[in-house]
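> Below is the structure I would like to discuss, written out as structure tokens.
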Amino acid sequence: QVHLVESGGGLVQTGGSLRVSCAASGSIGSINVMGWYRQAPGKQRELVAGITSGGRTNFADSVKGRFTISRDNAKNTLYLRMNSLKAEDTAIYYCHAHTLYRDYWGQGTQVTVSS
């Protein structure tokens, strides 16, 4: 089992920055890919960024150049640094962990970007 807890969401103005965190616990060694997804009201959940155990990253086109994903293995924590935030970045951000057997999700953290 893997348990994921997000933190760091909140309200930020357009153009601002925010960092969200995801603390992982449990069978950490079984995780091979972690990522951040988001879901805006009335829209499907979408991948924002992912990072493999080897450190390879990928990003949605809409956030490339603005968002950075990283993981601190010593702290078992995943981060998403969001810069130059736009109103369309407003969503609930979910932490995700993929193992050989199943996927795990956090409870989500709300990010609201206001003009």
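The values are calculated or read from the model by the stated rules, or taken from the named source; none is laboratory data. These numbers come from a predicted model, not from an experiment. Reconstructed Cβ throughout: ideal geometry from the backbone, glycine too, with neighbour counts over all protein chains shown. In case anyone asks, the SASA skips ligands and DNA or RNA and just uses the protein heavy atoms, side chains included. Shrake-Rupley method; radii C 1.70, N 1.55, O 1.52, S 1.80 Å.
> Counting only residues that are touching a residue at least 60 places away in the same chain (Cβ under 8 Å) and either in contact with a helix residue (DSSP H, G or I) (Cβ under 6 Å, 6 or more places away or on another chain) or among the hydrophobic types (A, V, I, L, M, F, W, C) (or both), give me the strands (runs of 3 or more DSSP E) lying completely in region 18-74 with at least 1 of them.
Because the criterion is at least 1 residues that are touching a residue at least 60 places away in the same chain (Cβ under 8 Å) and either in contact with a helix residue (DSSP H, G or I) (Cβ under 6 Å, 6 or more places away or on another chain) or among the hydrophobic types (A, V, I, L, M, F, W, C) (or both), the strands (runs of 3 or more DSSP E) in region 18-74 that meet it are 18-26, 31-39.
> Could you check residue 11 against (1) open to solvent by less than 50 Å² (accessible area, probe 1.4 Å); (2) part of a strand (DSSP E or B); (3) at pLDDT 95 or above and say which number it fails?
The one condition residue 11 does not meet is (1).
> Looking for something touching a Gly at 6+ places or on another chain (Cβ under 6 Å) and part of a loop (DSSP other than H, G, I, E, B) - is there at least one such residue anywhere in region 85-103?
Among the residues of region 85-103, at least one is touching a Gly at 6+ places or on another chain (Cβ under 6 Å) and part of a loop (DSSP other than H, G, I, E, B), which makes the answer yes.
> Which members of region 47-76 meet the condition of being under 11 Å from the mean Cα position of the chain (by Cα) and of a type outside the set (Phe, Trp, Tyr)?
Hits for region 47-76 are 47, 48, 49, 50, 51, 68, 69, 70, 71.
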